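The values are calculated or read from the model by the stated rules, or taken from the named source; none is laboratory data. Since we're looking at a predicted model, the values are computed, not measured. All Cβ positions, glycine included, derive from the backbone under ideal geometry; neighbour counts span all protein chains shown.
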Amino acid sequence: MVEDGSLNGQIEELFKQIDANVAVSLEPGRVAYSESVDPQTNAPTISYAIGADGLVQAFTQEKLDLELEELDEIQRESLIDVEQVDFYINNNPPENFPELDFDGYRVMKMRMEDGLSDEDIAEELQTTPTVLRVKIDEYRQRVAPKAKAWVDHHKNAKKDSNVVAIKETQE
């Protein structure tokens with residue numbers, strides 16, 4: 001896996017040195033996802049909070065002043081690291097989206113826990129690796145907003161616990 005662009009313009013030279021057919025697949029390091037935003041407040045219309053059970057719950061903000069002119073929501077693009085989304089998927093209960101017609105949770109577990117390649121999974125699902133990767137990307141995009149909330153919650157909890165530990169050692 002190369003992440004820093006050090007192979008820019010070098011792939012042809014590698015093929016010559018290896019003197020064999022090589023399959024190359026590109027996978028983005030970040031997941032782009034859209035969120036609906038209230039144009040008056042610039043806040044997302046769907047927010048996420050971590051419940052007492054540790055699961056991410058979605059909730060919507062209600063319009064408080066019904067006399068305000070109702071403006072259409074706008075879409076804002078956000079990014080999250082693929083590793084963070086995959087970590088969220090691997091550490092939380094299944095999330096399936098019937099409209100995707102794809103068991104993304106099962107496929108991600110096959111990749112992460114069973115170590116199966118996209119080619120092996122695609123063969124099992126009777127599809128192509130390219131179609132499989134597109135479906136995985138779609139699944140990650142659907143999970144990404146919850147993953148972002150979950151990751152942020154755990155980062156903040158860790159920061160808070162470090163502050164408490166520092167205060168205790170100072171006393």
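Pairs meeting the criteria (first residue in the stretch 98-119 and among the basic types (Lys, Arg), second residue assigned to a helix (DSSP H, G or I), beta carbons under 9 Å, at least 6 apart or on different chains) are 109/89; 109/90; 111/86; 111/118; 111/121; 111/136. Of all the residues that make up the stretch 57-88, how many are at pLDDT below 90, touching a strand residue (DSSP E or B) at 6+ places or on another chain (Cβ under 7 Å) and hydrophobic (A, V, I, L, M, F, W, C)? Matching residues across the stretch 57-88 total 3.
Here residue 127 meets the list (1) surrounded by 14 or more Cβ atoms within 10 Å (Cβ to Cβ); (2) free of Cβ contacts under 8 Å to residues at least 40 places away in the same chain; (3) touching a helix residue (DSSP H, G or I) at 6+ places or on another chain (Cβ under 6 Å); (4) not in a helix (DSSP H, G or I) almost entirely, failing just condition (3).
Taking the criterion of being among the polar types (S, T, N, Q) and within 11 Å of residue 95 (Cα to Cα), no residue of the stretch 137-151 qualifies.
Of the residues 97, 15, the single one that is modelled with pLDDT under 70 and surrounded by 13 or more Cβ atoms within 10 Å (Cβ to Cβ) is 15. So, residue 137, is that one more than 15 Å from the chain's Cα centre (by Cα) and either of a type outside the set (A, V, I, L, M, F, W, C) or more than 14 Å from residue 82 (Cα to Cα) (or both) or not? Criteria not met by residue 137.
The single residue among 48, 105 that is farther than 19 Å from residue 27 by Cβ, at pLDDT 85 or above and of a type in the set (Phe, Trp, Tyr) turns out to be 48. I'd like to know if the stretch 77-94 contains one or more residues that are surrounded by 13 or more Cβ atoms within 10 Å (Cβ to Cβ), outside any helix (DSSP H, G or I) and among the small types (Gly, Ala, Ser). Yes, that holds for at least one residue.
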